[in-house]
C-alpha cells in the first residue's frame with residue numbers, strides 16, 4: 001500500500017548534503033537576456049548566507065529549551081542543512097565579485113541587521129533571554145514559510161527551463177528548494193513546542209513578511225545598479241516583476257500573497273505546503289546531491 005503524504009513527512013530524517021557546485025562558467029546573466037529575472041532571484045544569494053547563519057544561531061540558542069527528543073533531532077538536522085545552504089550561496093557571491101559585481105556593500109547591511117538588530121541579547125535576564133529566543137524562533141518560522149513556498153515554486157515551475165537558465169544554478173535552486181520543503185515544518189513545530197499561543201506566531205509574520213519584501217526590493221535595486229554590464233540603464237518596476245512572473249521565471253505575486261495569508265489560519269501547519277515525496281524525488285536525482293552522496 002502506498003504511504004500517505006503524512007507518513008512520508010513523519011518518516012523523514014533530515015541530513016545535511018555536502019553539495020559542491022562549479023561556478024567557473026556561470027554567466028553574469030544566467031537567464032539569457034533576462035537581467036531583471038536573474039537579479040531578482042540573485043537576491044537569494046545576498047540574503048541567505050547571513051540569514052541562514054542567523055537561523056542556525058537562533059536554533060542553537062533554542063536547543064536547551066527543547067524537551068522533545070525527536071524535535072531536538074529535527075532541529076539538529078535543520079541546523080546542518082542551513083549551514084550548507086549558507087556556504088553554497090556564499091560561493092555565488094564570491095563568483096559575482098570576480099565578474100565585477102561587488103555585493104559587499106549590501107551584504108554588510110544584511111550582516112548588521114542579523115548580527116546587531118536581530119542578534120542575541122546577552123545582557124538580558126535569563127527569563128527575558130528565553131523570551132527573546134522564542135521571539136526570534138517565531139521570526140524564523142515566518143521566514144521559513146516563504147522559503148518553503150519558494151522551494152515548492154522552484155520544484156514545480158518550468159519557466160526557468162523554458163528560458164534556458166544555467167543548469168548548475170537551476171540545480172542549486174532546486175536542491176535548496178527541495179531541502180526547504182523537506183524541513184518546512186521544523187521551525188513552526190519548534191515555535192509551537194516553545195509557545196502554543198497564536199499571537200506570537202502572527203507577530204512573527206507581521207514583522208518578518210514585510211521585512212523580507214523590503215529587503216528583496218532593495219536587493220533587486222542594488223544588483224541592477226551594480227551590474228557592470230547594465231551600467232544603471234535598467235530600473236526595476238512592479239510591472240516588470242509581473243511580466244516576468246507571468247512568463248514563469250518568478251513566482252506569481254498573487255500566489256505569493258495567498259501563501260502568506262495561509263499562515264494566519266489558526267489551524268495552519270507547514271505540511272499543507274509542498275510535497276515531501278516530491279522534494280525527496282528531486283534530491284534523488286539532483287546532480288549535486290547525488291555527487292555528495294557518492295562522496
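Each value in this text was obtained by applying a stated rule to the coordinates, not by laboratory testing. This structure is a prediction, so every number in the text was calculated from the model and none was measured. Reconstructed Cβ throughout: ideal geometry from the backbone, glycine too, with neighbour counts over all protein chains shown.
I'd like the orientation of helix 276-285 relative to the chain: the angle between its Cα long axis and the longest Cα principal axis, in ° from 0 to 90, rounded to 10.
For helix 276-285, the angle is close to 50 degrees.
If the convex hull of the alpha-carbon atoms of region 91-160 is projected onto planes in all directions, what is the mean projected area in square nanometres?
Reported value for the Cα convex hull: 6.9 nm².
Does anyone have the angle between helix 253-262 and the longest principal axis of the chain? Alpha-carbon axes, 0 to 90°, nearest 10?
0 degrees
Find how many whole Å separate the alpha carbon centroid of region 242-270 from the alpha carbon centroid of region 135-164.
9 Å
May I ask you to list the residues of region 279-293 whose amide nitrogen lies under 17 Å from a point 7 Å from Cα along the Cα→beta-carbon direction of residue 18?
Only 288-293 pass the distance filter.
Students often check this: by mean Cβ neighbours within 10 Å, which of 14-22, 47-55 ranks highest, and how do the rest follow?
The peptides rank, most packed first, as 47-55, 14-22.
Show me the three semi-axes of the equivalent ellipsoid for region 136-254, from the C-alpha gyration tensor (sqrt of 5 times each eigenvalue), largest first, rounded to whole Å.
Over the Cα atoms of region 136-254, the ellipsoid semi-axes are 30, 19, 12 Å.
Cα convex hull of region 10-78: mean projected area in nm², to one decimal? Each step should come with its number before you reach the end.
On the way: hull surface 27.3 nm².
Dividing the Cα hull surface by four gives the mean projection, 6.8 nm².
So, in nm, how far is label residue 234 from label residue 128 when the simple model puts each one 7 Å beyond its Cα toward the Cβ?
4.8 nm
Pop out the Kirkwood hydrodynamic radius of region 230-295 from its pairwise C-alpha distances, inverse of mean 1/r, in Å to one decimal.
When all Cα pairs of region 230-295 are included, the Kirkwood radius is 15.6 Å.
At q = 0.11, 0.15, 0.23, 0.26 Å⁻¹, work out log10 I(q)/I(0) for region 44-128 with the Debye formula, treating every Cα as an identical point scatterer and leaving solvent out; two decimals please.
At q = 0.11, 0.15, 0.23, 0.26 Å⁻¹ the computed log10 ratios are -0.39, -0.65, -1.09, -1.21.
Rounded to whole Å and sorted largest first, what semi-axes of the equivalent ellipsoid does the C-alpha gyration tensor of the chain yield via the square root of 5 times each eigenvalue?
Details: eigenvalues 177, 104, 71 Å².
Those come to 30, 23, 19 Å.
Go through 226-237, 190-201 and give me the packing order, highest mean Cβ count within 10 Å leading.
Final packing ranking: 190-201, 226-237.
How large are Rg and Dmax for region 215-258 when only the alpha carbon atoms are used, in Å?
For region 215-258, the Cα-based Rg and Dmax read 11.7, 36 Å.
With r defined as the distance between the Cβ atoms of residue 285 and residue 33 and R0 fixed at 30 Å, what FRET efficiency is calculated, to the nearest 0.05? Intermediate results must be reported in sequence, preceding the final value.
Working: r = 28 Å, r/R0 = 0.94.
The computed FRET efficiency comes out at 0.60.
Estimate the FRET efficiency between residue 198 and residue 70 by the formula 1/(1 + (r/R0)^6), using the beta-carbon distance for r and 25 Å for R0, to the nearest 0.05.
Computed FRET efficiency for residue 198 and residue 70 comes out at 0.55.
What FRET efficiency do you get for residue 217 and residue 277 if R0 is 51 Å and r is their Cβ-Cβ distance, rounded to the nearest 0.05?
0.90
Which order results if 123, 89 are arranged by neighbouring Cβ count within 10 Å, fewest first?
Ranked by crowding around the Cβ, least crowded first: 123, 89.
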